[in-house]
Amino acid sequence: MNKSDLIDHIAQQADISKAAAGRALEAVIGGVRTTLKKGGTVSLVGFGTFAVSTRAARTGRNPRTGDAIKIKKAKVPKFRPGKALKDAVN
C-alpha cells in the first residue's frame, strides 16, 4: 500500500473526499515529524510509538576500497509496534 492507496482507504472508511483525506494524512505526518524533530515521542494507543534514538559514532569500511571511515553519530527515527498491532498481524 502506498500513500495514494492509503488516502483512498481513509476517504472510503471516513466517508470524506480524497482531498480531505489527503489533508488529514498530511496533518498527521506533519505532526509526527514536528514532534520527533523536537525530540519528543508520539504514542498511538493500540498502534505503536514513534521516537527518536541516537546512533553512536562508529568506524566503518568503504566497500569499494576497504579503507576505514568514520561515521558520525546520528539521530534516527524508530517505531515500536503496540500490542494490538502485533496481535492483529499474528
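The values are calculated or read from the model by the stated rules, or taken from the named source; none is laboratory data. Values in this document were obtained by computation on a predicted structure and should not be read as measured data. Cβ sites come from the backbone with ideal geometry, for glycine too, and all protein chains shown count toward neighbours. Surface areas here come from the heavy atoms of the whole protein model, side chains and all, with no ligands, DNA or RNA. Shrake-Rupley method; radii C 1.70, N 1.55, O 1.52, S 1.80 Å.
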Going residue by residue through the stretch 43-62, is there one that turns out to be open to solvent by 60 Å² or more (accessible area, probe 1.4 Å) and at positive phi?
no
Would you be able to say whether some residue in the stretch 55-76 is at pLDDT 95 or above, of a type in the set (A, V, I, L, M, F, W, C) and in contact with a Pro (Cβ under 7 Å, 6 or more places away or on another chain)?
no
Pairs, please: C-beta under 8 Å, at least 6 apart or cross-chain, first residue touching a residue at least 40 places away in the same chain (Cβ under 8 Å) and in the stretch 57-80, second of a type outside the set (Val, Ile, Thr) and exposed (fewer than 10 other Cβ atoms within 10 Å of the Cβ)?
Pro77/Ser53
Lone qualifier among Thr41, Thr65, Thr34 - being among the hydroxyl-bearing types (Ser, Thr, Tyr) and in contact with a strand residue (DSSP E or B) (Cβ under 9 Å, 6 or more places away or on another chain):
Thr41
Only one of (1) outside any loop (DSSP other than H, G, I, E, B); (2) in contact with a helix residue (DSSP H, G or I) (Cβ under 7 Å, 6 or more places away or on another chain) fails for Thr34. Which number is that?
(2)
Gly39 vs (1) open to solvent by 70 Å² or more (accessible area, probe 1.4 Å); (2) within 15 Å of the chain's Cα centre (by Cα); (3) at pLDDT below 95: all pass except (1)
Can you find a residue that is part of a strand (DSSP E or B), in contact with a Phe, Trp or Tyr (Cβ under 7 Å, 6 or more places away or on another chain) and either acidic (Asp, Glu) or surrounded by 10 or more Cβ atoms within 10 Å (Cβ to Cβ) (or both) anywhere in the stretch 65-75?
no
Neighbours by Cβ (under 9 Å, 6+ apart or cross-chain): first from the stretch 1-24, of a type in the set (Asp, Glu); second assigned to a helix (DSSP H, G or I) and open to solvent by less than 100 Å² (accessible area, probe 1.4 Å)
Asp8/Ala21
Of all residues in the stretch 20-34, how many are open to solvent by less than 60 Å² (accessible area, probe 1.4 Å) and farther than 24 Å from Val52 by Cα?
3
